[in-house]
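Student: Got a structure for you, written out below as structure tokens; questions coming shortly.
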Amino acid sequence: MRLARRMRAEQSDSSLTLSQTSALATLERKGPLTPRELAAQERVQPPSMTRIAAALEVAGLVTRTGHPTDGRQVLLAASPAGAALLREDRRRRDAWLAQRLRELEPDEVAVLARAARILDRLAGS
């Protein structure tokens, strides 16, 4: 968990919360979603997602368009600015982690590789 916190610290200087960053990343990965679908993906209540999406939209990181088949609904999508922010965050985190990995001894790298395979297996079950 300390590693996850440290990697989040490498995030861009944006003022996004973890919930906002996660929702934005989900939209980038999954494509346009209704607020209810996004709330389900993020495992939050729809009213919470409404607040998260509104903040992202005000920041210009999310776009809101009408649903193509249901006029009562809207679709949220990562805007080009939102996608660019996520790319920069990933680039910074990847650079930080790559530097830390270069500092490890070969036997430590082997242990990490084995642990990664085990964690992947656990995540898949």
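Student: Apply 1/(1 + (r/R0)^6) to the Cβ-Cβ distance of A123 and T50, taking R0 = 25 Å, and write down the FRET efficiency to the nearest 0.05.
Tutor: 0.25
Student: Count neighbours as other Cβ atoms within 10 Å of each site's Cβ, and list the GluC sites (Glu not before Pro) in segment 35-125 that are DSSP loop with at most 10 such neighbours.
Tutor: Answer in residue order: E103.
Student: Here's another thing I want to ask about it. Report the extension gain between R43 and D107 in nm, rounded to one decimal, defined as 0.36 nm multiplied by the number of residues separating them, less their alpha carbon distance.
Tutor: Additional length available on full extension: 19.2 nm.
Student: Using a 10 Å cut-off around each Cβ, can you sort L16, L56 from fewest to most neighbouring Cβ atoms?
Tutor: So the residues, fewest neighbours to most, are L16, L56.
Student: Need one word for the chain: rounded, prolate or oblate. Basis is the Cα gyration tensor (sqrt eigenvalues a ≥ b ≥ c); a/c below 1.5 gives rounded, then a/b vs b/c decides.
Tutor: It comes out prolate by the Cα gyration axes.
Student: Consider all pairwise Cα distances in segment 68-125 and report the whole-number % of them above 13 Å.
Tutor: 76 percent
Student: Another question, then. If we count other beta carbons within 10 Å of each Cβ, what is the order of M49, M7, fewest first?
Tutor: M7, M49
Student: Pick out, from A110, S125, S15, the residue whose Cα sits farthest towards the positive end of the charge dipole of the chain, with +1 on the Cβ of Lys and Arg and -1 on the Cβ of Asp and Glu.
Tutor: Final value for the positive-end residue is S125.
Student: Another question about this same structure. For segment 71-100, run through the trypsin sites (Lys or Arg not before Pro) and keep only the ones in DSSP coil with at most 14 other Cβ atoms within 10 Å of their Cβ.
Tutor: R72
Just so you know, all these numbers are worked out from the coordinates, no wet-lab data involved. Keep in mind the model is a prediction, meaning the values are calculated, not measured. As a convention, Cβ positions derive from the backbone with ideal geometry for all residues, glycine included, and neighbour counts pool all protein chains shown.
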